[in-house]
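See below for the structure under consideration.
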Amino acid sequence: MILNTRHFGEIEIEEQDIITFKDGIPGFEDLRRYVVIQNPDAEVPFNWLQSVEEQELAFVIVNPFIFKKDYDFQLSKSVVEKLKIEEPNDVTVYSIVVVPEDITRMTANLMAPVIINNRTKLGKQVVLDNSTYHTKHYILEEIKNAG
C-alpha cells in the first residue's frame, strides 16, 4: 500500500504493519490507523507515528527507557484487556516528543505513554493516574542526570 506523507513523501507500507488505536489519540480521536516509521539512522532513537488517514499528521516518538532508565508504571486491567496483551514481550512503549526550534529544549510526554501491542497491532495512548511523571520531561536533561 502506498502512503503519501507530508514529511516522508510516498512510502510503501504493509497492511499488517498498521496499528489501530480504537480510541484514536487524545486530540485526534477520529484518526485511528497509524504506522511506525523507523528512523533509517539506527544511531538516532527518534521514530515517527504516522497517521495512515491524514498525511499531514506524524508524531515524533521515542522509547522512553533510552533516557529514563527508571521509567516505571502499571497498566490498568482494562487497558491490558483492550489491547489484548498476554505477555510483556507483546508491548512496545513510546513517548510522544515535542521538538521546538531550540532542540535542546526537546520534551517527552511520560505522563501519557503510547502502548503498542506488536502481536495484535492495537495501540493506545494511556494517561497514567496518580503519576509522578509530567507531559514535558526535558530529554537532554534526563540524559545528563542519568549519566
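Remark: for residue pairs LYS77/LYS144; LYS84/LYS136; LYS68/LYS124, the C-alpha separation exceeds 23 Å in LYS77/LYS144; LYS84/LYS136.
Annotation for the range 21-92 versus the range 94-125: alpha-carbon center distance of 6 Å.
Please identify the longest segment of the chain free of exposed trypsin sites (Lys or Arg not before Pro), where exposed means a DSSP state other than H, G, I, E or B and no more than 14 other Cβ atoms within 10 Å. Don't jump to the answer; show the numbers that get you there.
Values: sites that count: ARG6, LYS22, LYS69, LYS84, ARG119, LYS136.
So the longest stretch without any such site is 23-68.
Using a Förster radius of 35 Å, what is the FRET efficiency between LYS69 and ASP23 based on their Cβ-Cβ separation? Nearest 0.05, please. The pair LYS69/ASP23 has a calculated efficiency of 0.75. Comparing the range 2-146 with the 2.2 N^0.38 Å rule of thumb, its C-alpha radius of gyration ratio is 1.03 (two decimals).
Report summary: the helix-based calculation at 222 nm, which adds -39500 (n - 2.57) for every DSSP H run with n ≥ 4 and divides by the residues of the chain, gives -2500 deg cm²/dmol. Arranged from fewest to most other beta-carbon atoms within 10 Å of their beta carbon, SER78, SER51, SER131 become SER78, SER131, SER51.
Derived scalar couplings between HN and Hα for the range 24-36 equal x, 10, x, x, 9, 4, 7, 9, 10, 10, 9, 9, 8 Hz in order, rounded to whole Hz, by the Karplus curve 6.51 cos²θ - 1.76 cosθ + 1.60 (θ = phi - 60°), x for Gly and Pro.
Bear in mind that the values in this text are calculations on the coordinates, not laboratory data. These numbers come from a predicted model, not from an experiment. Heads up, the Cβs are rebuilt from the backbone with ideal geometry, glycines too, and the neighbour counts pull from every protein chain shown.
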